[in-house]
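Worksheet for the structure shown next.
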Amino acid sequence: MVEQGSCAVCLSPAPQKCAGCQYVYYCSKEHQKQDWKQHKYQCSPVRVKEDSQFGRFLEATREIKSGDIILKEKPLISGPAQVTPPVCLGCYKLLEEGKTVKCSKCGWPFCSELCTEKPEHEPECHYTEKRGEKVNITTFGSPHPNYQCITVLRCLYQRDHNEPLWKKLQALQSHDEDRRGTDKWNNDKKMICDFIWKFFKLDGVFNEEEIMKCCGILQINGHEVPLMEPEYLAVYDRISMVEHNCRANCNKSFTSAGEIILCAGDSIKTGEHVTVCYTDPLWGTEARRHHLADSKFFECNCERCSDVTELATMYSAVKCKKKDCKGYLLPETFIVPLLHKTKKPDPETRNLDRKFWICNSCKDAVSDAIIQQLLQDIGRELSVMPKGEADACERFVNHCSGYLHPSHYYMTDVSLALAQMIGQEEDVGLAAVTDDRLLLKTQLCRKIADLLETLAPAETRLRGSLLFELHAAVAETGRRKSLTEGPMVMLGYVTESKKILTESARLLRHEPPELPEGRLSRQAKVNLVQMDELIRNLSAALPSPL
């Protein structure tokens, strides 16, 4: 039986679905064409759903392939980060003393006259004009208190000037009750709410509830946009409905115009939830869960957090020190209470339900206090280690291998830095590194790329960057081998290198040129052309078969 719905145009029975989203029905091609002008802005392979456990979330309406763009949308609101030096309020470029242009209406500094006319600036310009005195920014290069309220003010402005946008913002989660009374709440009350009342003379125009809710909306839903230095903040509509998972199936990136792109980092089945990681997936489970509880006010119980082995990677495992044992220690669970009933972080309950770490081989039990002390000591060692020195990184890895699993998050962190560093220290690149270091770089790149594919397949920027490093190491290995074994041995290495580079280019293809990964993407395309020519030349030089 053919599934039917109602035509989006005339509401008559309709068997034909939109091929893009598989969600909207049409009775004819004519009505589909007629509706496209409106539907194209919402057409994507996901739909909004809601339940008591997840609230609003996005669900795939069809099979989505890895690398597919799911959503692309402009920001509802953008503005400077809460803590920032003076930046242009039109393009967010960092301002320098003596190189600014003041808005003729309000006095806020900009990088150019053109930026003073951008619509994003209207809210603070409007309220500054109304206060009757222009702003005068005289210090540059360090955080300035006047900028803490700008993005909140831009949200508040919509209440009286753009009702549809205001309603969209108000529909976003703010966790007011969870945030109330926290240090962050009290700081926002003083530095943003009170400042808006006193500096802009808006006491009586906006009440505390409205201002603090906008603070929460930005904290919970804001995305740091890395197109500028420093990063600026933006809030988006449907992207805000994407739920968290520590092993997410999607990643986010940005266009040069500041649009956000939601891209599938893994294949997604019809009906599956669309997820991103709200925290750093390369942190250990304890750090991830604490960060989410502290900043997003929920406890993560995803598949990765619920599995102490973290999908068999042993990413948080500590080496058993019992004589002749080769096992590793892990707690029975990382899922311990972190929040009060009010959903405020509760430091007193961190180890309430986890007292011992158990060896997976000899079953020896070690107290959590001893493990935490060991991890703190290693963490302090890591914090003072010069990460920019390959020798220091190698010493750390060798030393900590006696205490931690080879894939432990501390080991991975330093190994990643080391893998990226080898070949970058010398002006002549990989050609100057020793054979041992080149082999080490190759091994580390392979290992971490495989680890990421298991733990965080949606981290395409990091995986793509690592594979770019790996392709260069494999090609250099082939060049060296050809010097002793003849030029034909190089063909196999170059072919492998090209395969790795092709995957790197695929993973990085949506990255904007403003980001390092975007520049790598462009370089990968250039390198692929060169490698194709090299493979043709090497293949042509092969002896003809008899």
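The values are calculated or read from the model by the stated rules, or taken from the named source; none is laboratory data. Here the structure is a predicted model, which is why all the values come from computation and not from measurement. We place every Cβ from the backbone using ideal geometry, glycine too, and count neighbours over all the protein chains shown.
For the reader, a short list of remarks on this structure follows.
- Residue in the stretch 269-289 that is buried (at least 16 other Cβ atoms within 10 Å of the Cβ), among the acidic types (Asp, Glu), touching a Phe, Trp or Tyr at 6+ places or on another chain (Cβ under 8 Å) and not in a loop (DSSP other than H, G, I, E, B) present: yes
- Residues being among the small types (Gly, Ala, Ser), without any contact (Cβ under 8 Å) to a residue 40 or more places away in the chain and part of a helix (DSSP H, G or I) - total across the stretch 483-504: 2
Yes or no, residue by residue, for (1) among the basic types (Lys, Arg); (2) closer than 30 Å to Arg288 by Cα:
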residue: Thr454; (1), (2): no, yes
residue: Gly464; (1), (2): no, yes
residue: Leu467; (1), (2): no, yes
residue: Leu470; (1), (2): no, yes
residue: Val489; (1), (2): no, no
residue: Glu496; (1), (2): no, no
residue: Arg536; (1), (2): yes, no
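- Note on the stretch 449-500: residues that are of a type in the set (S, T, N, Q) and more than 27 Å from the chain's Cα centre (by Cα) amount to 5.
- Scanning the stretch 165-186 for residues that are at pLDDT 95 or above and loosely packed, with under 14 Cβ neighbours inside 10 Å yields Lys167, Asn186.
- Any hit, the stretch 220-243, residues being touching a Cys at 6+ places or on another chain (Cβ under 6 Å) and not assigned by TED's automatic domain parsing to the domain that holds Leu89: no
- Residue check for Ala392: in a helix (DSSP H, G or I) and buried (at least 19 other Cβ atoms within 10 Å of the Cβ): no
- In the stretch 337-382, the residue that is modelled with the highest pLDDT out of those that are touching a helix residue (DSSP H, G or I) at 6+ places or on another chain (Cβ under 7 Å), in a loop (DSSP other than H, G, I, E, B) and within 17 Å of Asn301 (Cβ to Cβ) is Pro337.
- Exclusive hit being within 28 Å of Tyr410 (Cα to Cα) and β-branched (Val, Ile, Thr), set Thr270, Thr255, Thr182, Thr285: Thr285
- In summary, Ser521 fulfils each of the numbered conditions (1) modelled with pLDDT of 95 or more; (2) hydroxyl-bearing (Ser, Thr, Tyr); (3) surrounded by fewer than 15 Cβ atoms within 10 Å (Cβ to Cβ) with the single exception of condition (3).
- Unique match (being surrounded by 15 or more Cβ atoms within 10 Å (Cβ to Cβ) and in a loop (DSSP other than H, G, I, E, B)) among Arg509, Arg480, Arg437: Arg509
- Qualifying position, being at pLDDT below 95 and buried (at least 18 other Cβ atoms within 10 Å of the Cβ), among Val48, Val24: Val24
- Residue match in the stretch 222-240 (condition: over 30 Å from Tyr409 (Cα atoms), surrounded by 19 or more Cβ atoms within 10 Å (Cβ to Cβ) and among the hydroxyl-bearing types (Ser, Thr, Tyr)): yes
- Evaluation of Gly79 against the conditions (1) within 25 Å of Pro230 (Cα to Cα); (2) touching a residue at least 24 places away in the same chain (Cβ under 8 Å); (3) surrounded by fewer than 14 Cβ atoms within 10 Å (Cβ to Cβ) shows that the sole unmet condition is (3).
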